[in-house]
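Okay, so here's the structure we're looking at.
Laboratory data are not the source of any read-out in this text; all were calculated from the coordinates shown. Note that the structure is predicted; figures quoted are calculated from it, not measured. Note that we place each Cβ from the backbone using ideal geometry, even for glycine, and neighbour counts take in every protein chain shown.
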Amino acid sequence: MKTYTYTEKKDTRSGFGAGLTELGRNNPNVVALCADLIGSLKMNQFIDENPERFFQIGIAEANMMGIAAGLTIGGKIPFTGTFANFSTGRVYDQIRQSIAYSGKNVKICASHAGLTLGEDGATHQILEDIGLMKMLPGMVVINPCDYNQTKAATIAIADYIGPVYLRFGRPSVPIFTPENQKFEIGKAIQLTAGTDVTIIATGHMVWEALEASKVLDAQGISAEVINIHTIKPLDASAILKSVAKTGCVVSAEEHNYYGGLGESIARVLALNAPAPQEFVATNDTFGESGTPAQLMKKYGLDSDAIVSKVLKVIARK
């Protein structure tokens, strides 16, 4: 079995900041907007190098989305930045009416997603944003797994014409994907090959899936791990190809199981080749205050939870 190691941990929001900085140097049409969270979104270097292409909107997220939509009319490529909760739930009407409805070329960049926002608690955590955004017609939804992939995704979405939701996080997580990788929107990445079960993960849960695969391998269970960084458009062919071989699937995401990646996978299977599926996700609940590790453990979003669901789904085959 192919194994993955890491030498460094880094937050995915810093990958966004690095990608935005590179875009600032290479694409004069890229502009950035922020809702009073420059440091949290790691936008400082872009601002230092391109002060004329940055707009501090303040704590007025709805206004930020409207301004971003307007900037696209002049050919600019706006990247908005705030917490995921404020990037979606607070401004859903503005995104729907001003951006998605007319297909505006806005990149909605959302940090501090999921439970791993941590100690700020339930009011700032969001576990329903993927569902909100994937249901908007024409919206691309991307949830990369580590620093390198977040940087690559940030750079790649500038070349895509249309609205994009880019989701990333606060905690430091292992860097295990290649530096300077090419990011392909809508293309799943098979990380390990297996024959007994398919584990499909997104975001921070990809590393947990790889850790789970090591435990399973020691138990004689061969797990195929797939990184779904793009939830919409979903790489249905990669899912079907893998599940045809393994016969069952576990989905893993830092999100409510209602409306998330798991439901998208279930739809693909139901329409094409039904197979047993188990979900690793939050169980229709809000979060709470705590360290990221504590919360991931309590809400069943770690490698142990994936192993447990794998044993359950294999028994259903």
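Please build a GNM for the chain, connecting alpha carbons under 10 Å apart, and tell me which residue among T285, T88, T80 fluctuates the most. Highest fluctuation of the listed residues: T285. With a Förster radius of 25 Å applied to the C-beta separation of Q219 and Q294, the computed FRET efficiency comes to 0.40.
Which whole-number percent is the relative contact order of the chain (Cα, under 8 Å, 6+ apart)?
On the way: 747 pairs, mean separation 58.9, N = 317.
Result for the chain is 19 percent.
For N283, put the label point 7 Å out on the Cα→Cβ axis and report which residues of region 188-211 keep their amide N under 16 Å from it. No residues fall inside that zone. Counting every C-alpha pair in region 28-145, the share spaced more than 20 angstrom apart comes to 39%.
From the square roots a ≥ b ≥ c of the eigenvalues of the alpha-carbon gyration tensor of the chain, which class results: rounded (a/c under 1.5), prolate (a/b over b/c), or oblate?
prolate
Relative to the dominant Cα principal axis of the chain, helix 147-157 is inclined by about 60°.
Separation of region 151-181 and region 109-133, taken as the distance between their Cα centroids, equals 17 angstrom.
Annotation: lysines with alpha-carbon distance below 26 angstrom to K104 (same-chain offsets under eight excluded): K42, K76, K134, K151, K182, K187, K232. Of S172, T82, N29, which is farthest towards the positive pole of region 9-174's charge dipole, taken about the Cα centre with +1 and -1 on the beta-carbons of Lys, Arg and Asp, Glu respectively? Among S172, T82, N29, the one farthest towards the positive end of the dipole of region 9-174 is N29. Work from the charge dipole of the chain (Cβ charges, +1 for Lys and Arg, -1 for Asp and Glu, about the Cα centre) and give the residue of M296, M1, L117 farthest towards its positive end. Most positive-ward Cα: M1.
Among all the aspartates and glutamates, which ones have a C-alpha under 13 Å from K2's C-alpha, if same-chain residues fewer than 8 places away are not counted? Within the straight-line cut-off, K2 pairs with E211, D217, E224.
Spin-label model, K317 to I59: label points 7 Å out along the Cα-to-beta-carbon direction sit 5.3 nm apart.
Only residues of region 231-255 count here: report those whose backbone N is under 20 Å from the spot 7 Å along Cα→Cβ of S308, or say none. Within reach of a label on S308: 249-255.
Taking GluC sites (Glu not before Pro) as exposed when DSSP calls them loop and at most 12 other C-beta atoms lie within 10 angstrom, the chain has its longest site-free stretch at 9-178.
Cross-link partners of K298 among lysines, defined as those whose alpha carbon lies under 16 angstrom from its own and excluding same-chain residues fewer than eight positions apart: K309.
Counted by neighbouring Cβ atoms within 10 Å, the residues F54, F168 run from fewest to most as F54, F168. Restricting the calculation to Cα atoms, region 189-315 shows an Rg/Rh of 0.94 when the hydrodynamic-style radius is the Kirkwood one. Distance between the modelled labels on E49 and K2, one decimal in nanometres: 3.1 nm (7 Å Cα→Cβ projection). Look at the alpha carbon pairs under 8 Å that are at least 6 residues apart: their mean separation over the length of region 202-317 gives a relative contact order of 31 percent.
Residues within the reach of a label modelled at Q97 (point 7 angstrom out along Cα to beta-carbon, backbone nitrogen below 18 Å), restricted to region 127-153, are 136-137.
Shown in residue order for region 37-46 are the 3J(HN,Hα) couplings computed by the Karplus curve 6.51 cos²θ - 1.76 cosθ + 1.60 at θ = phi - 60°: 9, 4, x, 5, 8, 6, 9, 4, 5, 4 Hz (x for Gly and Pro).
Values of log10 I(q)/I(0) for region 216-258 across q = 0.18, 0.32 Å⁻¹ run -0.65, -1.24, by the Debye formula with one identical scatterer at each alpha carbon and no solvent.
First select every other residue whose beta carbon is under 12 angstrom from the beta carbon of P78; then total the charges, Lys and Arg +1, Asp and Glu -1. Could you put the intermediate results ahead of the total?
Values: positive: R53, K76, K104, K107; negative: none.
Neighbour charge sum, excluding P78 itself: +4.
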